[in-house]
1. Report yes if Val83 is open to solvent by less than 50 Å² (accessible area, probe 1.4 Å), modelled with pLDDT of 85 or more and more than 37 Å from the chain's Cα centre (by Cα), otherwise no.
2. Going by the conditions given, is Lys105 at pLDDT below 95, open to solvent by 10 Å² or more (accessible area, probe 1.4 Å) and out of contact with any strand residue (DSSP E or B) (no Cβ under 7 Å at 6 or more places or on another chain)?
3. Please find, within the stretch 197-212, the residue that is farthest from the chain's Cα centre (by Cα) out of those that are of a type in the set (Ser, Thr, Tyr) and open to solvent by less than 20 Å² (accessible area, probe 1.4 Å).
4. Does the stretch 121-133 include one or more residues that are of a type outside the set (Val, Ile, Thr), farther than 30 Å from Ser159 by Cα, modelled with pLDDT of 85 or more and loosely packed, with under 10 Cβ neighbours inside 10 Å?
5. Hey, among Arg86, Arg101, Arg120, Arg160, which residue is charged (D, E, K, R) and in contact with a Cys (Cβ under 7 Å, 6 or more places away or on another chain)?
6. Considering each residue of the stretch 237-266, count those that are open to solvent by less than 60 Å² (accessible area, probe 1.4 Å), modelled with pLDDT of 80 or more and either among the β-branched types (Val, Ile, Thr) or in contact with a Phe, Trp or Tyr (Cβ under 9 Å, 6 or more places away or on another chain) (or both), and give that number.
7. Pull up the stretch 108-120, narrow it to residues that are farther than 18 Å from Val204 by Cβ, touching a residue at least 12 places away in the same chain (Cβ under 8 Å) and of a type in the set (D, E, K, R), then point me to the one that is surrounded by the fewest Cβ atoms within 10 Å (Cβ to Cβ).
8. Could you check Ala63 against (1) open to solvent by 50 Å² or more (accessible area, probe 1.4 Å); (2) of a type in the set (Gly, Ala, Ser); (3) under 30 Å from Arg203 (Cβ atoms) and say which number it fails?
Amino acid sequence: MPPRLNPLRLVSNVFSVHHASPIMPLLAPFLLPIQHRSASILSNLSDNRGAYNKKIRRGRGPASGKGKTAGRGQKGQHAHGKVPARFQGGQTPLEITQPPRGKNKYVSFKVEMTPINLDRIQWWIDQGRLDPTKPITIKDLNRTRCVHGVKKDGVKLLSRNADKLKSPINIIVSRASAAAIARVEALGGTVSTRFYSPDSIKRVLRGDAHPTVSLDADPAFIARTLPLAKSLSEHCTTLSNPDTPEEAKQTAFNAVWAEVSAKYKYRLADATSRRDIEYYRDPAHRGYLSHTVKEGQSPSLFFKVPGEAKDRKRQEARRKAVKASAENRLF
């Protein structure tokens, strides 16, 4: 940055000309002005206040303010060497002698979700900030500031002041309470729950992933949660009709998936852990994987339909046959 010049000094330097003869004042406007710059300006240059922090110079004599012991004090372990940040003098650490107590200390199944209540949704609808005729997703709730941020496990629908909800809605959240589901369905609406990973939530809020469509989702769930676009209306009708053949449903799903893949950068992840799969397989939770539970089955992954267990006698006979054939081998 060039040095700053005093305006008065600059004007005087520009028009300063040596008058060697009486003709010089007449020729002065046509001559190239001679600029005189004082060297004292360079000694006054300084950076803006707070642009940098002065380095502390330790052990450079008493005048520096950090001389002699250089800020370490008189003797001791701190003066002679380094001490770990968590070192407590050799005693048993406090986190061992006085550990955290109380319930929910080590709960691996604990989830962190943003709560949303039915009365707040109705308030947003009355203000015109949410459209009840369209599916309401976590992206819509975050965009309209109905929820102030979405935590790592998604959004849970709760039933505070459930009687204030008057509009039928079609809402898709991570989880929902039984009372909230009962109130929404009593008004003719629908509640759908689906899995969101922490990365998927970030991508959905940024617009890089579709909020509902995934590979394992129920075709009827996809048809119910897709917006009423002209290009997808025919496919949604095919997916929502229970009498549609499986081949036609698969063709319609492939068409929807191709259009979603062309518009969005990332694919929406599905549940992979046993805890999440069992939750979203449960029809009572209105999970998006409830179509995988056959009639007479349980949402549990360890459930076996009576009669499907293999015959123990047949298994034992097969083991004996394998063992007998192994004894007759030469190698």
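1. Against the criterion (open to solvent by less than 50 Å² (accessible area, probe 1.4 Å), modelled with pLDDT of 85 or more and more than 37 Å from the chain's Cα centre (by Cα)), Val83 qualifies.
2. So Lys105 fits the description; yes.
3. Across the stretch 197-212, the extreme among qualifying residues is Thr212.
4. The answer is no; no qualifying residue exists.
5. Within the list Arg86, Arg101, Arg120, Arg160, the selection yields Arg120.
6. So the answer is 2.
7. The extreme case among them is Asp119.
8. Here Ala63 clears every test but (3).
The values are calculated or read from the model by the stated rules, or taken from the named source; none is laboratory data. These figures come from a predicted structure and were not determined experimentally. Here Cβ is always computed from backbone atoms with ideal geometry, including for glycine, and neighbour counts include all displayed protein chains. For accessibility, only protein heavy atoms count, side chains too; no ligands or nucleic acids. Shrake-Rupley method; radii C 1.70, N 1.55, O 1.52, S 1.80 Å.
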